[in-house]
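The values are calculated or read from the model by the stated rules, or taken from the named source; none is laboratory data. What you see is a predicted model, and the numbers here were worked out from it, not measured in a lab. FYI the Cβ positions are ideal-geometry reconstructions off the backbone, even for glycines, and counts take in every protein chain you see.
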Amino acid sequence: MSIGTSLGLGGDGRHERKVRYAIVGLGDIAQEAMMPGIAHTGNSELVALVSGDLDKARQVAETYGLDAVYAYEDFGELLASGTIDAIYLATPNWRHAEFAIPALDAGIHVLCEKPLEISVERAEAMLAAERRSSAKLMTAYRLHFEPATIDAINRIRAGELGDLIAFSSCFAQLLDPANHRASNGLKAGPLFDMGPYPINAIRYLFGDEPEQVVSAIGARHAQSGYAQDFDDTVAVTLRMPGGAIAQFVVSYYANTVDSLVIAGTKGSIQMRPAYGFGMALRHQRIIGEDEREASFAETDQFGGQMYYFSDCILHDRPVEPDAEEGLADLRVIEGIVRALETGEPQTLPPFTRSRRIDPDQVQGLSPVKAPDLIKVSDPTR
């Protein structure tokens, strides 16, 4: 697929191509975090919006000076218009394949929010669509470009922590019962919505794949105000190769917490916050008897990952995190679901990841101010 004709002048006076994006899904993440940073990437531009609420889409479009607004059912018309090169897909989890597959079949690149989908089967269908397409599919794991995360990975790879022994994480938010995540069951619950963060962190910090879901326990709090058809809190223990143990808790019914600890035979790193955006991420490192704290510059995590994706498109380079990275996490999530249903450990099928994070992909775009959101409420109470 050829990149569109939109041109911009670079700092040295050269004309530079820009990747033309449509945003599909105008919820809180798209409006608050992704859309404000597109303009300052320098290699990307916003040209169209797609939403199930055309009134909301028109209001958002007016804010950004756009004319191209499409309903979900008119997505095929947008794909055939020749006006876009890529989409940022921020629909609910279970509607990712619905839009990603026809986009890829049309030669349109896809930057898809996590989780890649709600099952390995649906994710594999997306991966198959990418393989038969000229377009790229990237899972939107913004922390793969974040400075504090990359620094932790570098230190672990350099052996500063020794042999890795244990991982522990707690990630929670007090979700508003009126938010759609509280009324769409397991597929919108904390395991699928928040679980990819610690699962992905386990995989990129250990540089390896979990072998077994040792245990998974869920809790449903009647006083939460949520529909009682999903676990609002989930605790998981995973066994890693070599006997290391990784544990995490995700919750919609606990006050905000965002932390992880990775511990080895020589030292440990605590990150708090560990997964958030719109803030600087921090480390507390203990190596032997030496204890130090480090705060990293706040960056525009969403703009940074879009810059990277557009750069890969413009220079025809493979992306990381790719679709296989999203599939790898869904493999673990499905094992956790089986453990929740059966109450028994679940051995995960063998899996080899073909690519890992390259430290050189770190991004440092300056943060941007979130705009006023249109017909979107804060997901927390």
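Brief remarks follow.
- Some residue of the stretch 112-122 being within 30 Å of ASN184 (Cα to Cα), free of Cβ contacts under 8 Å to residues at least 12 places away in the same chain and out of contact with any Ser or Thr (no Cβ under 7 Å at 6 or more places or on another chain): yes
- Test: residue in the stretch 141-160 that is at pLDDT below 95 and basic (Lys, Arg): no
- When the stretch 281-297 is limited to residues that are of a type in the set (D, E, K, R) and farther than 26 Å from ARG142 by Cα, the one that is surrounded by the most Cβ atoms within 10 Å (Cβ to Cβ) turns out to be GLU291.
- Among the residues of the stretch 324-362, the one identified as closer than 23 Å to ARG131 by Cα, basic (Lys, Arg) and in a helix (DSSP H, G or I) is ARG331.
- Hey, GLU130 surrounded by 18 or more Cβ atoms within 10 Å (Cβ to Cβ), among the charged types (D, E, K, R) and within 21 Å of ILE313 (Cβ to Cβ) or not: yes
- Restricting LEU46, LEU78 to those that are farther than 17 Å from GLN31 by Cβ and in contact with a Phe, Trp or Tyr (Cβ under 6 Å, 6 or more places away or on another chain) reduces the list to LEU78.
Okay, residues lined up against (1) out of contact with any Phe, Trp or Tyr (no Cβ under 9 Å at 6 or more places or on another chain); (2) in the same structural domain as HIS96 (by TED's automatic domain parsing); (3) of a type outside the set (Phe, Trp, Tyr); (4) closer than 28 Å to ARG285 by Cα:
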site: ASP163; (1), (2), (3), (4): yes, no, yes, yes
site: ALA172; (1), (2), (3), (4): no, no, yes, yes
site: GLY218; (1), (2), (3), (4): no, no, yes, no
site: HIS221; (1), (2), (3), (4): no, no, yes, no
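- Looking only at residues in the stretch 115-125 that are assigned to a loop (DSSP other than H, G, I, E, B) and not small (Gly, Ala, Ser), the one that is surrounded by the fewest Cβ atoms within 10 Å (Cβ to Cβ) is ILE118.
- Qualifying positions in the stretch 170-192 - surrounded by fewer than 22 Cβ atoms within 10 Å (Cβ to Cβ), charged (D, E, K, R) and in a helix (DSSP H, G or I): LYS187
- Checking each residue in the stretch 241-279 for being without any contact (Cβ under 8 Å) to a residue 40 or more places away in the chain and either in a loop (DSSP other than H, G, I, E, B) or closer than 24 Å to PRO345 by Cα (or both) picks out PRO241, GLY243, ARG272, PRO273, GLY276, MET279.
- Taken over the stretch 43-86, the criterion of being in contact (Cβ under 8 Å) with a residue 60 or more places away in the chain and touching a strand residue (DSSP E or B) at 6+ places or on another chain (Cβ under 7 Å) is satisfied by ASN43, SER44, VAL60, THR83, ILE84, ASP85, ALA86.
- In the stretch 97-114, residue surrounded by the most Cβ atoms within 10 Å (Cβ to Cβ) [restricted to those that are in contact with a Gly (Cβ under 9 Å, 6 or more places away or on another chain) and either part of a strand (DSSP E or B) or not aromatic (Phe, Trp, Tyr) (or both)]: CYS112
- Selection status of THR63, surrounded by fewer than 19 Cβ atoms within 10 Å (Cβ to Cβ) and not basic (Lys, Arg): yes
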